[in-house]
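K.L.:
Could you have a look at this structure, given as structure tokens, before my questions?
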Amino acid sequence: AYIRGLVDGSPGSNDMPGRIEFGTAPDGAATATERLRITSGGGFSFNNAQLVERVKITAGKLSNNTDIDLADGMVHYFSTTETTTSTPNIRIDGSNTLNNAMDTGDVISVTLITTAAAAAYSAALNIDSSSATVEWSGAAAPAAGGASGLDVYAYTIIKIGSGSYKVLGNYTNFD
């Protein structure tokens with residue numbers, strides 16, 4: 001295996017663009033192959049990799065666990081049947097804000113999965129404990145949860161300025 005830093009572009013006066021490469025050798029191979037590259041522009045390049053997202057599984061309901069800490073993953077699943085409406089609060093963790101973690105123009109995707117009940121839904125969203133306007137697919141916020149199965153809320157959050165976001169929301173019930 002290897003980790004190496006390389007020039008990534010044309011160096012200039014007081015300018016040395018660099019990239020980082022990570023390599024591993026598969027079982028039965030004698031040499032390592034590049035698996036991940038982080039470019040000088042901050043992009044990621046995966047080579048024959050599997051990208052696995054961490055899911056935070058909570059043995060509870062969203063209405064009792066409204067702080068969504070992205071340090072725990074971008075997908076949160078609540079396994080207890082929801083009984084009331086709730087307003088999730090998206091943040092990095094208890095001491096870090098999304099506003100500090102993101103630059104203007106950055107985008108993140110957050111998915112919340114709840115165990116459905118018709119009287120329970122999430123029509124609003126907070127970011128760093130402040131109300132955020134969600135533009136819902138289909139133009140209307142959810143007004144009820146699904147009767148059974150899972151309710152899935154998918155948010156695309158674009159930072160458009162300091163403490164200012166464009167939030168696109170999509171709600172789906174899987175009965």
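K.L.:
Where both residues lie in region 1-157, what percent of DSSP beta bridges are antiparallel, nearest 5?
P.N.:
Taking every DSSP beta bridge with both residues in region 1-157, the antiparallel ones total about 65 percent.
K.L.:
Just grab the label-to-label distance for T33 and D93, each label 7 Å out from Cα along the Cβ direction, in nm (one decimal).
P.N.:
Between T33 and D93, the simple spin-label model gives 3.5 nm.
K.L.:
Let me have the relative contact order for the chain, percent, based on Cα pairs under 8 Å that are six or more residues apart. Present the calculation step by step, with values, prior to reporting the outcome.
P.N.:
Working: 397 pairs, mean separation 25.8, N = 175.
Contact order relative to length: 15 percent.
K.L.:
Collect residues whose amide H, placed 1.01 Å from N in the peptide plane, falls under 5 Å from the amide H of Y77; neighbours closer than 5 in sequence don't count.
P.N.:
Amide H to amide H, under 5 Å and 5 or more residues apart or across chains, Y77 pairs with K56, I57, T58, I113.
K.L.:
Hey, got the dipole for the chain? About the Cα centre, +1 on K and R Cβ, -1 on D and E Cβ, debye to the nearest 20? Walk me through the intermediate numbers first.
P.N.:
Working: 10 positive and 17 negative charges, 14 e Å.
Here the chain has a charge dipole of around 60 debye.
K.L.:
For region 1-146, what class follows from the C-alpha gyration tensor (a ≥ b ≥ c being the square roots of its eigenvalues): rounded when a/c is under 1.5, otherwise prolate if a/b is larger than b/c, else oblate?
P.N.:
On the way: a/c = 3.08, a/b = 1.91, b/c = 1.61.
Verdict is prolate for region 1-146.
K.L.:
Now for a different question. FRET efficiency for T133 and D15, Cβ-Cβ distance as r, R0 = 41 Å, nearest 0.05? Mind showing how you got there, number by number?
P.N.:
Values: r = 41 Å, r/R0 = 1.00.
According to the calculation, E is roughly 0.50.
K.L.:
Would you please give the FRET efficiency between N47 and I108, computed as 1/(1 + (r/R0)^6) with r the Cβ-Cβ distance and R0 = 35 Å, to the nearest 0.05? Working shown, then result.
P.N.:
On the way: r = 24 Å, r/R0 = 0.69.
So the FRET efficiency works out to roughly 0.90.
K.L.:
What value, in deg cm²/dmol to 500, does the helix sum -39500 (n - 2.57) over DSSP H runs of n ≥ 4 give at 222 nm once divided by the residues of the chain? Write down the numbers at each step before the final one.
P.N.:
On the way: 1 runs with 4 residues, N = 175.
Mean residue ellipticity, 222 nm, calculated: -500 deg cm²/dmol.
K.L.:
What does the charge add up to near A71, with Lys and Arg as +1, Asp and Glu as -1, over the other residues with Cβ less than 15 Å from its Cβ?
P.N.:
Numbers: positive: R54, K56, R91; negative: E53, D67, D69, D72, D93, D128.
Here the count lands on -3.
K.L.:
Also, quick follow-up: Quote the FRET efficiency, to the nearest 0.05, computed for M74 versus A119 with a Förster distance R0 of 30 Å and r equal to the Cβ-Cβ distance.
P.N.:
Working: r = 27 Å, r/R0 = 0.92.
Using R0 = 30 Å, I get an efficiency of 0.65.
K.L.:
Explain nothing, just compute: Karplus ³J(HN,Hα) = 6.51 cos²θ - 1.76 cosθ + 1.60, θ = phi - 60°, for every residue of region 152-163 in order, whole Hz, x for Gly and Pro.
P.N.:
10, 10, 10, 10, 10, 10, 10, 7, 10, x, 4, x
K.L.:
Separation between the F174 and A25 pseudo-spin-labels, each 7 Å from Cα along Cα→Cβ, expressed in nm?
P.N.:
The two pseudo-label positions are separated by 4.0 nm.
K.L.:
Can you bin region 61-157 into rounded, prolate or oblate? Criterion: square roots of the alpha carbon gyration tensor eigenvalues sorted a ≥ b ≥ c, rounded for a/c under 1.5, prolate for a/b above b/c, oblate for the rest.
P.N.:
Details: a/c = 2.08, a/b = 1.53, b/c = 1.36.
Prolate is the answer for region 61-157, as a/c is 1.5 or above and a/b outweighs b/c.
K.L.:
Rounded if a/c is under 1.5, else prolate if a/b is larger than b/c, else oblate: which is region 1-71, with a ≥ b ≥ c the root eigenvalues of its Cα gyration tensor? Don't skip to the answer; put the middle values down first.
P.N.:
Details: a/c = 4.56, a/b = 1.63, b/c = 2.80.
It is oblate, given that a/c is not under 1.5 and a/b is not larger than b/c.
Readers should treat all values here as calculations from the given coordinates under stated rules, not as data from a laboratory. All values reported here derive from a predicted model rather than from experimental measurement. Cβ sites come from the backbone with ideal geometry, for glycine too, and all protein chains shown count toward neighbours.
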